[in-house]
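Here the structure is laid out as C-alpha cells; the discussion comes afterwards.
The values are calculated or read from the model by the stated rules, or taken from the named source; none is laboratory data. Predicted model only: the values in this text are computed from it and were never measured. Neighbour counts are summed over all protein chains in view; Cβ atoms, including those assigned to glycine, are modelled from backbone coordinates with ideal geometry.
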Amino acid sequence: MAEHNILGKTGEEAAVRYLLSKNYLIRHRNWHSGKRDLDIIAEKAGELVIVEVKTRTDDLFGNPEEAVDEKKIRHIIESTDAYIQMYEIDKPVRFDVISVTGEKPPFRIEHIPEAFYPPLW
C-alpha cells in the first residue's frame, strides 16, 4: 500500500476514535457505491453526519481541510444523495470535515461541524 494511503487510513482511524469519544454512532466507514464514496457516515442527536477526513503529515502547504474544494463538495453531495436513497434515510443531514495532522499519534485533530452546505446548482 502506498505511503499516502497508509497515512489516509491512519487519519480515518484517528477521526473515528475522536467521533466515538464524542458519542457519535458510526454507521459506515469508507462507504462505496459505484464511483460514489464517503469517508465516515455517523449519527448524533438525530442528524446524519457525513464526515470528510483530510490527513496531512504537516500543514506546511496549508491546512488539510483546505483540500475540500467545490469539486470535492459536489462529489460528497452526490454520494450522500445515493446513500440516503439506498438506505431510505429521513433525517437532517450535516456535512463536517475532520482534519488530521501529524506523522504518528498523538495527531492534531480539528473537527469542523457544518463545514459546508449543499450548494444550489
query = Among the residues of segment 74-81, is any more than 21 Å from P119 (Cβ to Cβ) and touching a residue at least 24 places away in the same chain (Cβ under 8 Å)?
reply = no
inquiry  = Condition (residue is part of a strand (DSSP E or B), modelled with pLDDT of 95 or more and more than 16 Å from A15 (Cβ to Cβ)) applied to segment 74-84: is it met by at least one residue?
reply    = no
Count - residues of segment 69-97 that are crowded, with 20+ Cβ neighbours inside 10 Å and either touching a Phe, Trp or Tyr at 6+ places or on another chain (Cβ under 7 Å) or among the acidic types (D, E) (or both) = 4
inquiry  = For segment 98-121, give me the residue count where each residue is surrounded by 15 or more Cβ atoms within 10 Å (Cβ to Cβ), part of a loop (DSSP other than H, G, I, E, B), at negative phi and not aromatic (F, W, Y).
reply    = 1
key: When residues of segment 40-73 are limited to those that are among the charged types (D, E, K, R) and assigned to a loop (DSSP other than H, G, I, E, B), the one modelled with the highest pLDDT   = D69
query = So which residues in segment 34-60 are farther than 18 Å from I6 by Cα, aliphatic (A, V, I, L, M) and surrounded by 14 or more Cβ atoms within 10 Å (Cβ to Cβ)?
reply = I41, A42, L48, V49, I50, V51
